[in-house]
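FYI, it's all coordinate maths here, none of it is from the lab. Everything numeric in this text was worked out from a predicted model, so none of it was measured. Cβ atoms come from the backbone with ideal geometry, glycine included; neighbour counts cover every protein chain shown.
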Amino acid sequence: MKAMRFWAITCGVVCLLTLQPTAQQAQPKNAQQVLDRMAQAMGYAQAAKFRTIQVVGAMEYPAQGLKGQFEAFYKSPDKFLMKINIQGIGEIQQGYDGKVGWEKNPITGLRELQGAELQQIRQSALSGANNDIRKMVRNAKLQGQEKVGGRNAFVVTAQSAAGGAMKLYIDTQRYYLLRMDSEIATPQGKMNTTMLFEDYRKVDGVMYAFTTRQSAAGITALVKIERVRHNAAINDSAFRKPAN
């Protein structure tokens, strides 16, 4: 069951944002131009006005017959909280209060995150409230085009701020994110994960993928957003590491 850790879910929630169609433009010449057009289409400027983002939804591991619910909070400028309740396993929590990153689950109990795991959750917190994936990547390079689900996509390779490899597939017409391959940090070491983004909807001027299909370590998860709220009230104490 350790292979089913919810790291991919966290990354999936930090990257659930998608895009709206944009006007016809000249083809971008480099990765930065692709990312900037994606930012415009996704509504980053509008998202930056929100103090908090609350995302509530359901998740399922079809092959394992497991289902659950999740709730994620992001609070500007650098706070993050995730709660996941999986039937037959229990509640998993993960948080970052601006300094300390932590995790609590039925398998390992409460622990404080260090190293690449800490950097990873810190970037989730910093990027989540503003919905800006550009804050997550370093050394981005445009590597041509590939097909994703029958659509043409720009392929952008990069490194995450935590040091993991990333590959973004961005629609060449509408500039929404179709797929993201990433290398994430876990207690067992680095793990490769793939996320496919579907069912795009606009909420308060910002585009979200209401369905995400995630695969890691041979296990597939289906994540569906049920509700997004902007500027929902949440006290800073909610993000702090629990006493036990």
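Could you put 103, 71 in order, starting from the residue whose Cβ has the fewest other Cβ atoms within 10 Å? Mind showing how you got there, number by number?
On the way: 103 23, 71 16.
The order, fewest Cβ neighbours first, is 71, 103.
Tell me the net charge near residue 157. Cut-off is 12 Å between Cβ atoms, residue 157 excluded, with +1 for each Lys or Arg and -1 for each Asp or Glu.
Working: positive: 138, 141, 167; negative: 146, 181, 183.
Net local charge, residue 157 excluded: 0.
Quick check for me: using +1 on Lys/Arg Cβ and -1 on Asp/Glu Cβ, what's the dipole size of the range 2-231 about its Cα centre, in debye to the nearest 20? Walk me through the numbers before you get to the answer.
Details: 30 positive and 18 negative charges, 60 e Å.
With Lys and Arg at +1 and Asp and Glu at -1, about 280 debye.
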Next on the checklist: At 1.306 mPa s and 10 °C, plugging the Kirkwood radius over alpha-carbon pairs of the chain into Stokes-Einstein gives what diffusion coefficient in µm²/s?
Outcome noted: 88 µm²/s
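Take 50, 154 and order them by how many other Cβ atoms sit within 10 Å, fewest up front. Please report the intermediate quantities before stating the final value.
Values: 50 20, 154 24.
By the 10 Å Cβ count, ascending: 50, 154.
Can you flag which of 147/224; 75/241; 83/167; 49/135 are past 20 Å Cα-Cα? Write down the numbers at each step before the final one.
Values: 147/224 24 Å; 75/241 16 Å; 83/167 27 Å; 49/135 16 Å.
Correct reply: 147/224; 83/167.
I need 237, 127 ordered by Cβ neighbour count within 10 Å, fewest first.
237, 127
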Checklist entry - Which whole-Hz couplings ³J(HN,Hα) result when phi for each residue of the range 134-146 is put into the Karplus expression 6.51 cos²θ - 1.76 cosθ + 1.60, θ = phi - 60°, listed in order with x for Gly and Pro? => result 5, 6, 9, 10, 9, 6, 5, 9, 7, 10, x, 10, 9
